[in-house]
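Everything on this sheet refers to the single structure shown next.
The values are calculated or read from the model by the stated rules, or taken from the named source; none is laboratory data. None of these values were measured; they are calculated from a predicted model. Methodologically, a virtual Cβ is constructed for each residue, glycine included, from the backbone with ideal geometry; neighbour enumeration extends over all protein chains shown.
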């Protein structure tokens, strides 16, 4: 084929459209790569570099970036280096720029220590010694070994103390219950009128119990605080790259490693332990470190509650529209309307949820059942139930569309055969139609979950918070607390990435959360797509 | 067959029929009820204000007939009304029964008269003695000359002996030992401001206004008197603490002259005593600043009305910025100092004109919690007007006929007051009738005109579209123009669609008919997966990854648009040359997009390298800085380029999927016919397939438009959320959806902001619903058409 001919036939246009496909796919790949590189790499312990500078004390930390600088012959090609120096408590900021031309010598000292702390981010420096109070100095081979042993001992004790603190929290819960019961009694009294029968004895008894609980609480609390303080006085001494001493309590140190002398296996172990913490740990440092467990839990629970409402309602609506309603103008209009709801902005659903569920229904529930707690709202404020219901409304159209598609793909002949055999409509539905439509229903269900997992805007105004004090599911009666606020992976991204005081330091956490969210959503979507395709194939082979 | 079983089966079927129908209808009604419920919240915004006359009775006889009545008022609960008489007494009456409750003397107690240096603290002067009319001594006591309402039941009272005092009249709810509530009527003497000089004996004050401002440590008392000879006497007493904790007192006095022939006809002082306004008989308006007592200056002296009409009354709107001017022709206008010319220069200017009265304006009664005002004209009618958006709210007339005949002469409102909570208006008519109206003006600050038109706000140099919903202070003027938000939405949608639409449609054309059919199985899900990426992720990457990148190499990003087509062209030439080898030709056909990747990557790389070169060579390192210095173009990091890419990424998959469906479903025989006639594959796609599927592509664009309009998280994160109206591609915007997300958590339930946000949700809902319905109808017809083949 000659060039001119191909030009005349419009082959170049074909190439143009091909470029559009290619560009789009490239953008998708770049997006996934950016998230993966930034998200996956963060936990891998990085080498600590010690830069000896000509004009100032040495700087140690992780190399975080570089940009072209003025000099040209010195180390690093004269690039300016961005070093994550950590030690926020000492320097005030996590990152520092170093001029490439000022770098005299670069070292990677094998005994450089990276500490992950409960507060103030990472510490980079060198171990100087131990200052132990009530922990027996372990017989380690060297200072590092004994430090590690002492640290793990301190943490064992800290964990035991935390457990006791948890037990103590149950006491406070009981006190709170008593307070509410008293409030309810008082409320009932005032409603019955002052002359009404006063269970004063009951009130006094409750008050006495409450006082006793408070006394026990204070006693135990004091004990725990004392022990914690004693434990905290076990410290280790470190020095930063410039030789400044820092005395850090052992219980402050979450992890301590020497990245420059770690092998691949040690690094993998470190990586896995960080990953484990991510999935099961609590967030620290205003969500920028630690784990994501409450957010994952909240997301999953919200999606489950949502499914309880959205799946049956969507399926019933679809069956009605497809199998029961008589096809006509009205049904067509209703169908268009329901389909269109899938395209209505999610924030509109959020507004509806806020106005109707939270302030409307929630307000009524508070008035009727929780009057003694007013004006503090119980259900009249955002909570996991309202968020789930809002998302259920949002995802019903998704379920309806997919279910209808599944139902309409079933050949008429099968229904007719069933009816001809004397089955009723309901029997046909239950025995023939629904089993065949299961993949369609499942597809809709999974797509709905994928949408719900990724949706943030409506949640922001119906019950998601940056840090929920307790999970919506716990050991306290009645175990499922539908009125509680919850955390959510998507909102976590928004909150940590945009509303945290130290966005730079929070970025890696956001990338990891993003990665997790994308993985969940993609797994769900791919499953749905696969199911749908397999359904199509099956029905095609069944009919032809 | 078993009859029982059959019956059971039938019964079940019937039940299922019922249940499913009921359930299905319920779900559908629920889902459709959303719009109704949202709209229901927004509707009160647009309801007209209403007034209802709830009481009308003859004013009970307050002791001491023969003197005129100076003021009327009502308490917080609309239960107790009061009048202030020329005798210097306040008479309280029950508004339900029209019965006099008691009378109190307002003259300052002797110990505080003449002691300018020791103003009384706000403490109750007398306690209540319900049911027992007070017995103030009559006789030699001076009478009351003038009562100036300051709002909140406070009055500045001028007595015939020249004494001026501030009182607060109010009632509060008390409970007796049996727990029964009753209203206790209170009169607080707050301050007393006497003249310090003597010469006023010969030149007495016609009118005096007093203001007290300050707290525990520092207090400024201001007294402004209009003297008989037409001059104005200003006196200030500033009480403070010196470094040693000793109380200090500074006294200032100054005589002001207008420098005009015409006498002053109206005088007004703001609530802090800092600005003094005067209106004259020939329509002049004057403004002095009294803020610094050692530097009292005339700021404005201007002819307010070219026809020289008499200015009959002045008032201050809530917030002390807008001056209300009423004139002889019945005109009501709002004035405030407007920034003009040089920095800091402000000139009093006519800003708002509202519906005039038929007769001269006699007085203003500004609202206490909102920026509307009542005005009374000498025809006896009351107008309620919102100044900000120049909206006439209500006209109150004494339309009731008296028992026993029609309205007598002298009817018509002569005195009135808005209740402290802006929910009632009490009036006194010329023939001694008391009338109480309940007002229902829940959202005076908004109107359709205000939402979509330009409005001149206080302290602004001109009228503008502004969205600024809240601020720290109570007397803030909320600015609810939806235009910046609508504009932002349109701008974001436009840039997003500009990115997504061409890419999506071209890609759909390729994947539907030009690509190797086997590959479709993988490419289409790839686009669907792209569509399932949560928008919060896209927004995050756009704002924290893409935005800094765009800022760092803006030139490169701008160059991409030119260089990419170029490299594609180069690739075409190269592959065109290679195409003469049949092996290559076969390999490429249907896989063109894979071969395009190197060209595109090369193009992007080239654009960035060239961009960096250009930056150093032409723009002194960075384009954004250069743009600002040389062209004055402000560059935001979160700008429309970033939005274009992010929003485009979000809507691309949906446009692609729907277009692709439409293109694929074009009946095979059309394609086959075209190819059989010898058309090339592109000619077939372009001339046959695209025209038949164009309604579907239109539908795809509509759905995409709907998605882009309502997208929230991306714009919330990547636009910067500044409600500006600027088409510049280097600036951000604020969209309606992001606005809702930002503001609704802080909006008080059922307040104006809350309802306004619901209104914008309704707008979003309707817009997207129309777009989607359009798309769906088009698609249905298309499906039917294709079904024929």
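So which helices (runs of 4 or more DSSP H) stay within region B:506-615 end to end and still have 3 or more residues that are away from every other protein chain (no Cβ under 11 Å) and in contact (Cβ under 8 Å) with a residue 60 or more places away in the chain?
B:547-552, B:554-578
Across region B:715-757, which residue is farthest from the other protein chains (Cβ to nearest Cβ) among those that are in contact with a strand residue (DSSP E or B) (Cβ under 6 Å, 6 or more places away or on another chain) and assigned to a loop (DSSP other than H, G, I, E, B)?
Among residues in region B:715-757 that are in contact with a strand residue (DSSP E or B) (Cβ under 6 Å, 6 or more places away or on another chain) and assigned to a loop (DSSP other than H, G, I, E, B), the one farthest from the other protein chains (Cβ to nearest Cβ) is B:723.
Residue-wise test of (1) in contact with a helix residue (DSSP H, G or I) (Cβ under 6 Å, 6 or more places away or on another chain); (2) more than 10 Å from chain B (Cβ to nearest Cβ); (3) closer than 23 Å to residue B:744 by Cα.
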position: A:447; (1), (2), (3): yes, no, no
position: A:458; (1), (2), (3): yes, no, yes
position: A:463; (1), (2), (3): yes, yes, yes
position: A:490; (1), (2), (3): yes, no, yes
position: A:494; (1), (2), (3): yes, no, yes
position: A:516; (1), (2), (3): no, yes, no
position: A:521; (1), (2), (3): yes, no, no
position: A:529; (1), (2), (3): yes, no, no
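Could you check region A:37-72 and list, in sequence order, the residues that are within 12 Å of chain B (Cβ to nearest Cβ) and closer than 30 Å to residue A:265 by Cβ?
Within region A:37-72, A:37, A:38, A:39, A:65 meet the criteria.
Rundown of residues vs (1) modelled with pLDDT of 80 or more; (2) under 35 Å from the mean Cα position of the chain (by Cα), yes/no style:
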site: B:4; (1), (2): yes, no
site: B:8; (1), (2): yes, no
site: B:14; (1), (2): yes, no
site: B:24; (1), (2): no, no
site: B:27; (1), (2): no, no
site: B:33; (1), (2): yes, yes
site: B:38; (1), (2): yes, yes
site: B:41; (1), (2): yes, yes
site: B:48; (1), (2): yes, yes
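A quick yes/no check of all residues on (1) outside any strand (DSSP E or B); (2) surrounded by fewer than 18 Cβ atoms within 10 Å (Cβ to Cβ); (3) more than 24 Å from the chain's Cα centre (by Cα):
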| residue | (1), (2), (3) |
| --- | --- |
| B:282 | yes, no, yes |
| B:291 | yes, yes, yes |
| B:308 | yes, yes, yes |
| B:314 | no, no, yes |
| B:344 | yes, yes, yes |
| B:350 | no, yes, no |
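Right, residue A:285: farther than 26 Å from residue B:711 by Cβ and in contact with a strand residue (DSSP E or B) (Cβ under 6 Å, 6 or more places away or on another chain) or not?
no
Residue by residue, here is whether (1) assigned to a strand (DSSP E or B); (2) within 14 Å of chain A (Cβ to nearest Cβ) holds:
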{"residue": "B:19", "(1), (2)": "no, yes"}
{"residue": "B:22", "(1), (2)": "no, yes"}
{"residue": "B:34", "(1), (2)": "no, yes"}
{"residue": "B:43", "(1), (2)": "no, yes"}
{"residue": "B:48", "(1), (2)": "no, no"}
{"residue": "B:51", "(1), (2)": "yes, no"}
{"residue": "B:81", "(1), (2)": "yes, no"}
{"residue": "B:84", "(1), (2)": "yes, no"}
{"residue": "B:91", "(1), (2)": "yes, no"}
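Given the options A:390, A:395, name the one that is under 26 Å from residue A:534 (Cα atoms), surrounded by 24 or more Cβ atoms within 10 Å (Cβ to Cβ) and modelled with pLDDT of 90 or more.
A:395
What about residue B:48, is it surrounded by fewer than 20 Cβ atoms within 10 Å (Cβ to Cβ) and under 30 Å from residue B:94 (Cβ atoms)?
Considered against the rule, which asks whether it is surrounded by fewer than 20 Cβ atoms within 10 Å (Cβ to Cβ) and under 30 Å from residue B:94 (Cβ atoms), residue B:48 comes out as no.
Look through B:773, B:768 and report the one residue that is facing chain A (nearest Cβ under 10 Å) and in contact (Cβ under 8 Å) with a residue 24 or more places away in the chain.
Just a single option satisfies the conditions, and that option is B:768.
Determine which member of the set B:279, B:308 is in contact (Cβ under 8 Å) with a residue 12 or more places away in the chain and on the phi > 0 side of the Ramachandran plot.
B:308
Of the conditions (1) buried (at least 21 other Cβ atoms within 10 Å of the Cβ); (2) away from chain B (no Cβ under 13 Å); (3) over 34 Å from the mean Cα position of the chain (by Cα), residue A:411 satisfies every one except a single condition; which number is it?
Status for residue A:411: all satisfied but (1).
Among the residues in region A:228-244, are any farther than 17 Å from residue A:160 by Cα, without any contact (Cβ under 8 Å) to a residue 40 or more places away in the chain and surrounded by fewer than 11 Cβ atoms within 10 Å (Cβ to Cβ)?
no
Take residue B:10 and tell me if it is free of Cβ contacts under 8 Å to residues at least 40 places away in the same chain, closer than 30 Å to residue B:435 by Cβ and either touching a strand residue (DSSP E or B) at 6+ places or on another chain (Cβ under 9 Å) or facing chain A (nearest Cβ under 10 Å) (or both).
In short, no.
From the set of residues in region B:488-500 that are more than 11 Å from chain A (Cβ to nearest Cβ) and crowded, with 21+ Cβ neighbours inside 10 Å, which is farthest from residue B:457 (Cα to Cα)?
B:497
For every residue, the table says whether it meets (1) modelled with pLDDT of 90 or more; (2) within 12 Å of chain B (Cβ to nearest Cβ); (3) assigned to a loop (DSSP other than H, G, I, E, B).
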| residue | (1), (2), (3) |
| --- | --- |
| A:277 | no, no, no |
| A:308 | yes, no, no |
| A:317 | no, yes, no |
| A:335 | no, yes, no |
| A:349 | yes, yes, no |
| A:356 | no, yes, no |
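Across region B:616-629, which residue is nearest to the chain's Cα centre (by Cα) among those that are surrounded by 14 or more Cβ atoms within 10 Å (Cβ to Cβ) and away from every other protein chain (no Cβ under 13 Å)?
B:628
Does region A:245-267 contain at least one residue that is outside any helix (DSSP H, G or I) and over 34 Å from the mean Cα position of the chain (by Cα)?
yes
Going by the structure shown, is residue B:276 in contact with a strand residue (DSSP E or B) (Cβ under 6 Å, 6 or more places away or on another chain) and closer than 23 Å to residue B:320 by Cβ?
Criteria met by residue B:276.
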